[in-house]
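Trainee: Below are the C-alpha cells for one structure; questions will follow.
The values are calculated or read from the model by the stated rules, or taken from the named source; none is laboratory data. Just so we're clear, the structure is a prediction, and the values are computed from it rather than from any experiment. Positions of Cβ are generated from backbone atoms using ideal geometry, with glycine treated the same way; all protein chains shown enter the neighbour counts.
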Amino acid sequence: MAEPANEIFDLVDDSGNIIGSEKRSIVHAKGLLHRAVYVWVFNRTRHLLIQQRAALKSIGPNLWDLSVAEHLTQGETYLQAAIRGLSEELGIKNISPDALIGPLGPPRRQELHHQVGDKEFHDIELVQSYMLINYDGEVSLDDGEVSDTKWVGVEDLRKEVEVHVDQYSPWMIAEGSSFGWKFQF
C-alpha cells in the first residue's frame, strides 16, 4: 500500500487527546504530534520478525524495522491500528484483539528527525507497543510497504544494530532501547 500524502491523521496533545487533524505530508513536514503503534511479532522459538521497508517509502527506505510500525488513521484506537497493520503489512489476518499482549506501557512521546534526499521529516509520535507471540503462520508482504522479512534472535539483533546502526530504522532502535531489548513473555 502506498503512502498517500493526503491521508489524514488525528493530531493529539501529550495526553493523547485529539485536538485536530491534518494531512500526512504536513504532519511530517511540520513535526505535529500524532499517534503510531508498534507490534513486535515473535515465533515459538522467541525469534523476532523484522521487516525491511520498501525502497519507495518516503521515510526510512530500505531500512530494517519493527515487525509492524503503523500510523493511526482518524478515529482509530492503538489496538485497531495494530491489528490493521499486521494484516496490511504482513498479511497476518484474523488476529483477535485478545491475541495481542499489551499495551506494553503507556503511550510515550517519540521524536525523530529524518533526511531523505532534499526532504526533511520531523516525526513526533505518541507511540504504544504490543506483542504477538508464538506466531508461526504465513507472512505475505505488501510490496509497497515491505520488501523483505527475517526472523532474528533479539540479542543478535541488538548486537547487529550496534555495529550497523545505519541499516536499522531509528524508531525500532529507540523503541527496542526503551525496553532494554528485553521482552516479557
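Trainee: When you check Gln110 against the structure, is it under 16 Å from the mean Cα position of the chain (by Cα) and more than 19 Å from Gln184 (Cβ to Cβ), yes or no?
Mentor: Values: under 16 Å from the mean Cα position of the chain (by Cα): yes; more than 19 Å from Gln184 (Cβ to Cβ): yes.
Yes.
Trainee: Only one of (1) over 18 Å from Trp40 (Cβ atoms); (2) at pLDDT 90 or above; (3) among the aliphatic types (A, V, I, L, M) fails for Val116. Which number is that?
Mentor: (2) is the only condition that Val116 fails.
Trainee: Only residues that are surrounded by 17 or more Cβ atoms within 10 Å (Cβ to Cβ) and under 15 Å from Ser129 (Cβ atoms): list them for the stretch 79-88, please.
Mentor: Those that are surrounded by 17 or more Cβ atoms within 10 Å (Cβ to Cβ) and under 15 Å from Ser129 (Cβ atoms): Ala81, Ala82, Ile83, Gly85, Leu86.
Trainee: Answer yes or no as to whether Ser140 is closer than 30 Å to Lys30 by Cβ and among the hydroxyl-bearing types (Ser, Thr, Tyr). So that I can check it myself, show each step before the final result.
Mentor: On the way: closer than 30 Å to Lys30 by Cβ: no; among the hydroxyl-bearing types (Ser, Thr, Tyr): yes.
For Ser140, the condition - closer than 30 Å to Lys30 by Cβ and among the hydroxyl-bearing types (Ser, Thr, Tyr) - is not met.
Trainee: Every residue in the stretch 128-172 that is of a type in the set (Gly, Ala, Ser) and buried (at least 19 other Cβ atoms within 10 Å of the Cβ), please. Before the answer, list the steps.
Mentor: Taking the stretch 128-172 and keeping what is of a type in the set (Gly, Ala, Ser), we get 129, 137, 140, 144, 147, 153, 169.
Of everything in the stretch 128-172, those that are of a type in the set (Gly, Ala, Ser) and buried (at least 19 other Cβ atoms within 10 Å of the Cβ) turn out to be Ser129, Ser169.
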